[in-house]
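Below is one structure, written out as structure tokens, with a few remarks after it.
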Amino acid sequence: MAKKTTRSSRTSPVTSDADAPLTVPGLDTTTGHAVADALQMRVHALNDLQLTLKHAHWNVVGPHFIGVHEMLDPQIDGVRDMVDVLAERMSTLGVPPNGLPGALVAARTWDDYDLTRADTTAHLAALEVVYSGVIEDHRAAIEAVGDDPVTEDILIGQTADLEQYQWFVRAHLQGTSGALATDGAPDEVGAARRASKKR
């Protein structure tokens, strides 16, 4: 009789070449799988981003609450759609995507978002820093998947959307001179403090 595996004793899913023996026409399996593997961290980053945006949406307070609260909803939806597109691209390339929370936490190279309930300026300043990190990594992924112009095109389109979302956030933090209230901040908490002091 097989041992019953409980949820707490399970390890991450195991895949092998037998699970993913194919890729798209025009790419060899090694290249297709390498491109798909490059997308896995983008799936993790975007899953984390949509959760972070939702967290900020729930915890933002202050006189500009409703504007920021409602601005974040379409960004959350857009990022969720990006996750789906990348995960389905991974499957198309022959590699099963991993969207499990434990895999995200184990693989990520960034810390949790540090703000809970905070005013709109603090959350927007922290999100500006978060967006910068995600966009920089998306741009690096564009370079990494250069052997597959279809995947490259997907990432380019997503990067354009992420940059627009960041622009919406930055518009709240930018003065008429063009300088951001977060300039020079070392991290999201520093950005939140710096922007809040400049109010």
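The values are calculated or read from the model by the stated rules, or taken from the named source; none is laboratory data. A quick note: this is a predicted structure, and the numbers were derived from the prediction, not measured. Here Cβ is always computed from backbone atoms with ideal geometry, including for glycine, and neighbour counts include all displayed protein chains. In case anyone asks, the SASA skips ligands and DNA or RNA and just uses the protein heavy atoms, side chains included. Shrake-Rupley method; radii C 1.70, N 1.55, O 1.52, S 1.80 Å.
Conditions (1) within 18 Å of V43 (Cα to Cα); (2) in contact with a Phe, Trp or Tyr (Cβ under 7 Å, 6 or more places away or on another chain); (3) open to solvent by 80 Å² or more (accessible area, probe 1.4 Å), marked per residue:
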{"position": "T116", "(1), (2), (3)": "no, no, yes"}
{"position": "A122", "(1), (2), (3)": "no, no, no"}
{"position": "I142", "(1), (2), (3)": "yes, no, no"}
{"position": "A179", "(1), (2), (3)": "no, no, no"}
{"position": "P186", "(1), (2), (3)": "no, no, yes"}
{"position": "V189", "(1), (2), (3)": "no, no, no"}
{"position": "A192", "(1), (2), (3)": "no, no, no"}
Suppose we keep only residues that are surrounded by 14 or more Cβ atoms within 10 Å (Cβ to Cβ) and of a type in the set (D, E, K, R) within segment 46-80. Which one would you say is farthest from the chain's Cα centre (by Cα)?
K54
Scan segment 144-160 for residues that are open to solvent by less than 70 Å² (accessible area, probe 1.4 Å) and charged (D, E, K, R) and jot them down.
D148, E152
Looking at (1) more than 30 Å from G190 (Cβ to Cβ); (2) at pLDDT below 95, which is the one condition that is false for G157?
(2)
Could you tell me whether A106 is open to solvent by 30 Å² or more (accessible area, probe 1.4 Å), free of Cβ contacts under 8 Å to residues at least 24 places away in the same chain, under 17 Å from Q40 (Cβ atoms) and among the small types (G, A, S)?
no
Considering segment 185-199, residues that are within 20 Å of the chain's Cα centre (by Cα) and in contact (Cβ under 8 Å) with a residue 12 or more places away in the chain, and then whichever is nearest to D77 (Cα to Cα), we arrive at E188
Only residues in segment 163-184 that are without any contact (Cβ under 8 Å) to a residue 24 or more places away in the chain count as the first member; pair them with residues that are outside any helix (DSSP H, G or I) and open to solvent by less than 80 Å² (accessible area, probe 1.4 Å), Cβ under 8 angstrom, at least 6 apart or cross-chain, and list the lot.
Q174/L180; Q174/A181; G175/A181
